[in-house]
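Here the structure comes first, spelled out in structure tokens, and everything after it is commentary.
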Amino acid sequence: MRIDILTLFPDMFNGVFEESIIKRAIESGKVNINLINFRDYTDDPHNKVDDTPFGGGAGMVLMCQPIYDCIEDIKTDDSIVVLLTPDGEVYKQEMAKKFTSAKHLILICGHYEGFDERIRKLCDYEISIGDYVLTGGEIPAMVLVDSITRLLPGVITEESYINDSFQDNLLDYPTYTKPRVFRDMEVPEVLVSGDHKKIDLWRKEESIKRTKERRPDLLEK
Ligand code: ADE
């Protein structure tokens, strides 16, 4: 999969893509991530990418021209264009799964006070990572890249994500590691019983119990 990220702040991504699972996925060619500074596409002699809003108001608004030119340059028939914006559809695990079948994702990071409304016309999806406002779309783009990349074939073992929270609309079951007793807190007996049928059943029940307590809205689905 190829992922192109349109941003004014490519350096923000460096550390995030240089560690752990994402780093390995890049090194093994499972994902190819390109950071594109759309300032490189501006026609403006002073490299401007934003201007004041028509009708007045605070802040600067990203202009159409650099983003339109950039998208027209990189888009192919296989591309899916995603705009990160707080007024987009709220991102879910289900969407991450859907995006794993894309050949080419283009993520547009908005910034400053906003972007020209006509930029939305370029996009197949508008996505928000939650009901709060960040300074820009860079962190949301990182969230998408991370959540999609870990699901690509061969990046982590299937066993690692098959029991993820949100799989089957259930939260994950509790897990423990050594020691068996830590400060009087004991690991549930069933987990050391060696009876894998019993363990599977316990985990399923705990998943349902936890989801009922914390996210009853998921069970309604
Ligand atoms: N840009 C600013 N806030 C955002 C959010 N919550 N989701 C996606 N993009 C954003």
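Computed from the coordinates by the stated procedures, all read-outs in this text should not be read as laboratory data. As the structure is a computational prediction, the values presented were derived from the model and not from experiment. Here Cβ is always computed from backbone atoms with ideal geometry, including for glycine, and neighbour counts include all displayed protein chains.
Data table
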item: Part-to-part distance (alpha-carbon centres) for region 105-133 and region 75-104, which is given in Å; result: 11 Å
item: Region 45-128 - percent relative contact order, Cα under 8 Å, separation 6 or more; result: 41 percent
item: Cα-centred dipole magnitude for the chain, charges only on beta-carbon of K, R (+1) and D, E (-1), debye, nearest 20; result: 980 debye
item: Greater than 20 Å apart at Cα, pairs in K98/K204; K75/K121; K30/K121; result: K98/K204; K30/K121
item: Whichever aspartates and glutamates have a C-alpha closer than 15 Å to that of K221, once near sequence neighbours (fewer than 8 apart) are set aside; result: E94, D168
item: Dipole moment magnitude, nearest 20 debye, region 1-123 about Cα centre, only Lys, Arg, Asp, Glu C-beta charged; result: 620 debye
item: Dimensionless Rg ratio for the chain, taking C-alpha atoms and the 2.2 N^0.38 Å reference; result: 1.26
item: Reachable lysines, given that their alpha-carbon falls under 24 Å from the alpha-carbon of K198 and they are not under 8 places away in the same chain; result: K178, K209, K212
item: Size of electric dipole in region 163-219: Cβ of Lys, Arg +1 and of Asp, Glu -1, about Cα centre, debye, nearest 20; result: 80 debye
item: Cβ-based net charge around N47, under 15 Å, with every Lys or Arg adding one and every Asp or Glu removing one; result: -4
